[in-house]
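I have placed the structure first, in the form of structure tokens, so that the comments after it can refer back to it.
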Amino acid sequence: MGERGATDLDISALAAAIAARRLAATDVIADHLERAVASDLNAFTMIDADRALEAAADIDARLELGTDVGPLAGIPIGVKDLIDHAERPNTRGSKLPAPIPTATAPALARLEAAGAVVIGRTGLHEFAFGFSSENHWFGPVRNPWDPTLSPGGSSGGSGAAVAASLCHAALGTDTGGSVRVPAALCGIVGLKVSHGRVPLTGVYPLAASIDTVGPLARSVADAALVYGIMAGDDPGDPWSAPRPVVVPDNAAELREVTIGIPHPWIDQPATDEVRAAFDTAIGSLANAGVEVIDLDLPVLDPPGLMEAAMYPEVAAVHRHQWRDSPESYGPDVHKRMEAVFTYDADDLVAGRRWQQACHHQAQRAFDRCDVLVTPTVAALHKPIGVEEIEVAGEMVSYRGPLSRFTALVNHIGCPALAVPLPASPPGPPPSLQLIGPRWSEDRLLAIGLALEEAGIVACTPPPAR
């Protein structure tokens with residue numbers, strides 16, 4: 001097994017090979033750093049070569065002494081550049097001065113304690129406030145399937161880096177789809193956790209009441225492994241929930257699964273490509289023994305009052321720096337910020353009542369099914385530099401189609417899993433979203449594992465360039 005073969009191994013196999021000293025962590029990390037430096041995807045705002053090689057050397061030294069180095073020994077990961085990593089600047093994708101934290105965010109610290117090695121900080125939409133990762137200050141992140149396309153956002157660098165095998169997993173944040181949208185557009189797996197499942201300490205907020213941190217990976221098994229290590233209560237985080245974290249040992253039995261198709265949500269406009277792939281996937285699920293039921297859920301019909309529920313929080317985060325230096329915001333985010341400050345307390349109250357109505361209707365739906373299923377995105381191709389794309393015969397702002405099926409999930413607080421369907425060249429492949437009741441990550445991941453085993457979902461590497 002040569003060191004370049006490490007790129008194609010899943011996380012468990014690669015960590016086992018390093019732990020058994022069949023591969024050296026320093027070789028694995030050096031290889032991934034070389035790939036990251038050579039990449040033209042602009043997936044990283046910073047490649048942390050010296051620190052990564054030092055961490056890998058420490059792992060090899062500890063292994064030589066017979067010391068346990070953890071289940072992620074030597075696994076190269078990326079970290080979205082708004083998550084604190086001690087002594088590394090946290091740019092947040094902004095022009096504003098980057099703070100240098102003294103402590104690492106607990107979600108990341110847990111992965112490092114398990115042996116993961118951060119090779120760099122990944123690019124994002126400025127302040128995580130958008131879906132394209134076309135950053136005015138750092139340049140656009142590019143999609144490994146086609147560098148003229150957006151990888152989605154806001155965690156676009158994390159999605160592109162994982163899909164291009166520059167790292168084995170990456171952390172993103174998700175406030176309206178910012179893990180799942182890049183997973184969908186880059187053809188990989190993305191897990192949006194229940195709000196409160198992964199600590200938000202050390203994570204720059206967008207809207208903390210719906211912010212989440214989650215993994216992007218090339219398989220459900222890899223995402224589940226990373227999730228199980230990073231999740232769990234943090235007593236210092238007011239949003240964190242003291243609930244046990246369970247990772248599935250086995251795939252679910254598909255004949256015991258019921259999925260719900262939510263109407264009218266699912267009937268919102270989507271491209272013919274997305275609609276056909278979704279219909280085919282539902283047929284495959286039914287053929288595998290899954291019970292499929294249609295649900296009438298009129299409250300779950302985006303956009304609802306998403307902006308009213310979220311924008312006052314965004315305003316609270318940015319008010320002072322917006323007042324002092326509005327010119328420090330890039331044009332795209334500047335325009336959205338102007339809208340943010342038009343919402344008031346009455347809007348927030350109405351938005352929170354709408355959130356509760358959505359939550360209650362979703363809970364009643366989950367009394368009838370294990371998961372709700374939608375496409376992850378309504379369109380798969382967003383050219384860089386283009387603000388409008390065609391969907392169902394109309395030219396519309398790209399933000400709607402990219403967030404149509406994801407953003408509502410954050411307002412409900414539920415977990416959701418984006419999984420790629422088998423690719424048909426030239427890609428990127430369509431993506432399926434599974435949505436579970438709050439705190440049901442173990443069941444959601446078990447169903448994802450079963451879909452992988454059945455071949456209904458599969459991660460296909462993008463074509464070599």
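Here are the numbers:
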| item | result |
| --- | --- |
| Most positive-pole-ward Cα, Gly304, His318, Ala208, against dipole of the chain from beta carbon charges | His318 |
| Helix-derived mean residue ellipticity, 222 nm - over the chain, DSSP H n ≥ 4, -39500 (n - 2.57), to 500 | -11000 deg cm²/dmol |
| ³J(HN,Hα) computed for each position of the stretch 253-258 - Karplus, 6.51 cos²θ - 1.76 cosθ + 1.60, integer Hz, glycine/proline x | 8, 4, 6, 9, 9, 10 |
| Qualifying trypsin sites (Lys or Arg not before Pro) for the stretch 349-404 [loop in DSSP, other Cβ within 10 Å: at most 11] | Arg368 |
| Axial C-alpha extent at least 24 Å, average Kyte-Doolittle at least -1.0 - helices from the chain (DSSP) | 306-324, 345-366 |
| Highest-first arrangement of 83-90, 318-325, 408-415, where packing means the average Cβ count within 10 Å | 408-415, 83-90, 318-325 |
| Beta bridges by DSSP in the chain, antiparallel share as percent, to the nearest 5 | 65 percent |
| DSSP-defined beta bridges in the stretch 321-465 - what % are antiparallel, rounded to 5 | 100 percent |
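Every number here is computed from the coordinates shown, using simple stated rules; none is lab data. Since this is a predicted model, take the numbers as computed values, not measurements. Because the Cβ atoms are built from the backbone with ideal geometry, glycine has one as well, and the counts that use them run over all protein chains shown.
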